[in-house]
Each structure stands twice: as C-alpha cells, then as structure tokens.
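*Asks:* Below is the structure I would like to discuss, written out as structure tokens.
The values are calculated or read from the model by the stated rules, or taken from the named source; none is laboratory data. Because the structure is a prediction, the values reported are computed rather than measured. No Cβ is skipped: glycine too gets one built from the backbone with ideal geometry, and neighbour counts run over all protein chains shown.
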Amino acid sequence: MTFPRPITDHSRLSINTATTRAQWKLAEAIDGYARAGVKGISPWRDQIAEMGLANAAKAIRDADLHVTGVCRGGMFPWADAAGRAAMLEDNRRAIEEAATLEADCLVLVVGGLPAGSKDLAGAHAMVEEAIHTLLPEARTAGVSLAIEPLHPMYAADRACVNTMRHALDICEKMGDGIGVAVDVYHVWWDAELKNQIDRAGKDRLLAFHVCDWLVPTRDLLMDRGMMGDGVIDIPLIRGWVEAAGYDGFHEVEIFSELDWWKRPAEEVVETCKERSLSAV
Ligand code: ZN
C-alpha cells in the first residue's frame, strides 16, 4: 500500500459546520451537505443547542450523515471553584451530546490561561486534572475524547496544548479512550509532526481536519484557507496519518470571515468537494 491513498470520491469527506456557519444554520447544513453528496458532518455545540439535540440527532440520522466529531469540549483551566464546577458540567453535557450523535469523538480545545493568570504550568496541570475527572465518564458513555493541539499563537486564550507531543504525553498518562485530532492548520509547522503521528498510531488518531495556511494570514482566527490555496502539503500529512493506520474521514474546517463566509454556501461546499480530490 502506498500513501496517501488516491481519493476518487467523496465517501470520506466530512464538513465541519464552522465552514458554512455564516450562511447556514445546522438544519440547513445537514440538508445542504447531504444534498451535495457529502457523507460526514461535524457540528458545533451552539448550533446543536439552537436546533435542539434530539432534532439534530434525528435530522443527521435521516440524512445518513456520519458525525466525525462534536465541537467542542474543553476550556478546562478555571479561575475559582465555581468556574471549575461550571466547566465540568459543560463538558458533561458535551459528552452526552457526542454520545447521542454517535460521534467519532468529542473534540477537546483544552483552554488557555485563566483570566489574570501567568501560570502556564498550572494551566497544564488543570487540563490534566479535568481530563482525568471526565475520561471515565466519557468511557462509560462510549465517547472518545480527542485532544486537538492548537497552533501556539492560541496558547493564552484557547489551548495551552500546542503540539502533538504534548497531547500524546497526556494521552499516555490517561490510558484508553483518548487520542488526538490532527488539524493540519495547527500542526503543519512542527518538525516532529511525522514522528508524533507515527507515535500516535491508529488507536489515538481520532480525527483529521483539513484547510490551508494562507500567506499572509490576515486574521489569526478567521482567515483559514481552502485546501490548495496555501502552503500546507496536505497530501503529505494525510499520507502520514494513513500510514499510521488512520482510515477515517477528512474533515474540512475553514473559519473564513474574509472570504468563504461571504460566498454562497453551495459554492463553498462544491469547492470543498473539488479540492478534496485535488488538494487533500
Ligand atoms: Zn480542527
């Protein structure tokens, strides 16, 4: 077997609903993706809440879409006891939602520093403590937790786990039922990426997210590129995750206030389909 495997159809294409968030509510996205022949979806929790969990689950089932992830749990580090309790409660709801939607994983964006804090090591410890608390409950619910290491530019405010190495160190301390979401946007720059993907192996590679890194990037959060428009060698990285045993979906996740959110959603979905053949 040579990697990356050729992609000749859309049977492994998933779209993260952030990609059409400005144009479509969740019900429209479910309908629009299914109509376009996309097979997977990864919904955000605010959209699930807006539609209602039971309604969302039924619509996704009726559309025969596979849920490649629920976005997102995490945001673990807390400022005080009340904050810790609220964080745990929110993550318990997220686990329940992922279970109801039969998602491949609950994506964890682990959170940055609590407001006013400079204690990065303390934040790292809180992340581990929270996962240690929640993981047995996720296992009972049949939900896999996927730590998504985020690009280091988000360490302060979104995720203080920024490399595959750090994410996998945590996974190995925790045992079964936890792995990583590999998002090329966040990890493409890492000289250790291939080795860490090999280290993760099939059991810990729970999701593969694609988009592209634009040069210049005009906004740190909202200027992700369509696959093929930037500098990431996506087929190379896909080859690495496949060689390590990953055989799941390729989930397109594009936050693009400056470009794709301004276009008709149907055009965005069609472009995702085309580029998933030519640039993933
Ligand atoms: Zn992602």
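*Asks:* So which of Glu128, Glu97 is more than 16 Å from the ligand (Cβ to nearest atom), of a type in the set (D, E, K, R), touching a residue at least 24 places away in the same chain (Cβ under 8 Å) and crowded, with 18+ Cβ neighbours inside 10 Å?
*Replies:* One residue alone meets the criteria, Glu97.
*Asks:* Quick check on my filter: what residues within segment 131-158 are outside any loop (DSSP other than H, G, I, E, B) and either away from the ligand (no atom under 16 Å from the Cβ) or among the aromatic types (Phe, Trp, Tyr) (or both)?
*Replies:* Ile131, His132, Thr133, Leu134, Leu135, Pro136, Glu137, Ala138, Arg139, Thr140, Ala141, Tyr154
*Asks:* For segment 37-57, which residues satisfy the criterion of being surrounded by 13 or more Cβ atoms within 10 Å (Cβ to Cβ) and of a type in the set (D, E, K, R)?
*Replies:* Matches in segment 37-57: Lys39, Arg45, Glu50.
*Asks:* Filter segment 235-278 down to the residues that are closer than 22 Å to Pro4 by Cβ, hydrophobic (A, V, I, L, M, F, W, C), free of Cβ contacts under 8 Å to residues at least 60 places away in the same chain and more than 16 Å from the ligand (Cβ to nearest atom) and list them by number.
*Replies:* Within segment 235-278, just Ala244 meets the criteria.
*Asks:* Could you list, in sequence order, all residues of segment 166-192 that are part of a helix (DSSP H, G or I) and either touching a strand residue (DSSP E or B) at 6+ places or on another chain (Cβ under 7 Å) or within 15 Å of the ligand (Cβ to nearest atom) (or both)?
*Replies:* Ala167, Leu168, Ile170, Cys171, Val184, Tyr185, His186, Val187 - these are the residues of segment 166-192 that are part of a helix (DSSP H, G or I) and either touching a strand residue (DSSP E or B) at 6+ places or on another chain (Cβ under 7 Å) or within 15 Å of the ligand (Cβ to nearest atom) (or both).
*Asks:* Given the conditions (1) of a type outside the set (A, V, I, L, M); (2) more than 25 Å from Thr19 (Cα to Cα); (3) crowded, with 18+ Cβ neighbours inside 10 Å, and given that Gly179 satisfies all but one, which numbered condition is not satisfied?
*Replies:* Here Gly179 clears every test but (2).
*Asks:* Let me ask another. Of the residues that sit in segment 224-236 and are in a loop (DSSP other than H, G, I, E, B) and out of contact with any helix residue (DSSP H, G or I) (no Cβ under 7 Å at 6 or more places or on another chain), which one is nearest to Cys105 (Cα to Cα)?
*Replies:* Checking each candidate, the answer is Asp233.
*Asks:* Restricted to segment 237-280, and to residues that are assigned to a loop (DSSP other than H, G, I, E, B) and of a type in the set (Val, Ile, Thr), which residue is nearest to Thr217 (Cα to Cα)?
*Replies:* By that ranking, first place goes to Ile254.
*Asks:* Filter segment 59-82 down to the residues that are in a strand (DSSP E or B) and within 15 Å of the ligand (Cβ to nearest atom) and list them by number.
*Replies:* Val67, Val70, Cys71, Arg72, Gly73, Gly74
*Asks:* Pull up segment 113-125, narrow it to residues that are surrounded by fewer than 22 Cβ atoms within 10 Å (Cβ to Cβ) and of a type in the set (Gly, Ala, Ser), then point me to the one that is nearest to Ile48 (Cα to Cα).
*Replies:* Residue satisfying both the conditions and the ranking: Ala115.
*Asks:* Still on this structure, please answer the following. Within 15 Å of the ligand (Cβ to nearest atom), closer than 28 Å to Cys272 by Cα and either in a helix (DSSP H, G or I) or hydrophobic (A, V, I, L, M, F, W, C) (or both): which single residue out of Leu214, Leu221 fits that description?
*Replies:* The match here is Leu221.
*Asks:* Further, regarding this structure: If you go through segment 198-208 one residue at a time, do you hit one that is modelled with pLDDT of 95 or more and part of a loop (DSSP other than H, G, I, E, B)?
*Replies:* no
*Asks:* Given (1) crowded, with 23+ Cβ neighbours inside 10 Å; (2) away from the ligand (no atom under 14 Å from the Cβ); (3) in a loop (DSSP other than H, G, I, E, B); (4) of a type in the set (Val, Ile, Thr), where does Val161 come up short, assuming only one miss?
*Replies:* Among (1) crowded, with 23+ Cβ neighbours inside 10 Å; (2) away from the ligand (no atom under 14 Å from the Cβ); (3) in a loop (DSSP other than H, G, I, E, B); (4) of a type in the set (Val, Ile, Thr), Val161 violates only (2).
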